[in-house]
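The values are calculated or read from the model by the stated rules, or taken from the named source; none is laboratory data. Remember, it's a predicted structure, so these values are computed and weren't measured experimentally. Positions of Cβ are backbone-derived with ideal geometry, glycine not excepted, and every protein chain shown enters the neighbour counts. Only protein heavy atoms, including side chains, enter the accessible area calculation; ligands, DNA and RNA are left aside. Shrake-Rupley method; radii C 1.70, N 1.55, O 1.52, S 1.80 Å.
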Amino acid sequence: MYSFLDRLRNSVARFMYGRYGIDQLGWATLAVEMGLTIVSSFVRVRAVWMVLRLLALALTFILVYRMFSRNMAKRRAENAWFLRWWTPLRTGFRDARYRRADKAHKYVRCECGAWCRVPRNVGKVELICPKCNAKKIVKT
Ligand SMILES: [Zn+2]
């Protein structure tokens with residue numbers, strides 16, 4: 001026997017067939033939308049509150065539009081564009097957390113942007129950057 005829930009699930013599946021659904025950009029849109037909603041609940045200035053609510057509404061609209069879109073190629077391109085700057089950002093956060101947690105080493109940033117790792121408490125050492133070979137005296 002067909003229950004109501006089965007029927008509902010089937011009709012949702014039929015409706016979503018051939019539609020894009022949710023991707024990383026969609027989850028990010030949802031997260032920002034929820035963040036804006038939470039922030040707006042603390043805002044007492046009416047104009048600022050309105051702007052935040054409007055932004056959240058616009059993001060909800062974009063999210064729903066992208067989920068139900070049939071233009072897969074375009075939606076995938078948008079997601080790829082998003083991941084192009086989001087992935088290095090996420091890696092950067094993760095690496096920074098790792099460096100902070102590592103108490104046995106000191107991390108020195110070279111002019112070329114590379115991070116050099118030296119053990120702590122070994123006195124003065126000459127550091128040679130593995131990337132650009134620049135030398136630097138570092139107190140550990
Ligand atoms: Zn360097």
(message) Just to verify a number: what accessible area does residue 16 come out at with the full protein assembly present, 1.4 Å probe, Å² rounded to tens?
(response) 50 Å²
(request) Give the distance, in whole Å, between the Cα centre of region 72-140 and the Cα centre of region 12-63. (result) 33 Å
(message) Given an 8 Å cut-off on Cα distances and at least 6 residues of separation, report the relative contact order of region 66-140 as a percent.
(response) 17 percent
(request) Report P(r) for region 58-140: all Cα-Cα distances, bin width 5 Å, range 0 to the bin holding the largest distance, values in whole percent. (result) 3, 12, 15, 14, 13, 8, 7, 7, 8, 7, 5, 2, 0
(request) Mind checking the full-extension length gain between residue 3 and residue 47? Use 0.36 nm per residue of separation minus the Cα-Cα distance, one decimal, nm. (result) 11.0 nm
(request) Leaving ligands, DNA and RNA out of it, report the carbon-plus-sulfur percent of the accessible area of the chain at a 1.4 Å probe. (result) 65 percent
(request) Compute the accessible area per residue over region 4-101, keeping the other protein chains in place, probe 1.4 Å, unit Å². (result) 77 Å²
(message) To check my understanding: the extent here is largest minus smallest coordinate of the Cα atoms along each principal axis. What are those three numbers for region 7-64, in Å, largest first?
(response) 45, 24, 14
(request) Return, in residue-number order, each cysteine of the chain whose C-beta is not under 4.7 Å from any other cysteine's C-beta. (result) 116
(message) Can you compute 3J(HN,Hα) from phi for each residue in region 35-45, using the Karplus curve 6.51 cos²θ - 1.76 cosθ + 1.60 with θ = phi - 60°, rounded to whole Hz and x for Gly and Pro?
(response) x, 4, 5, 5, 4, 5, 6, 9, 7, 9, 7
(request) Check the straight Cα-Cα distances from residue 106 and name the lysines below 17 Å, setting aside those fewer than 8 residues away within the same chain. (result) 124, 135, 136, 139
(request) Over the alpha-carbon set of the chain, divide Rg by the Kirkwood Rh and report the Rg/Rh ratio to two decimals. (result) 1.22
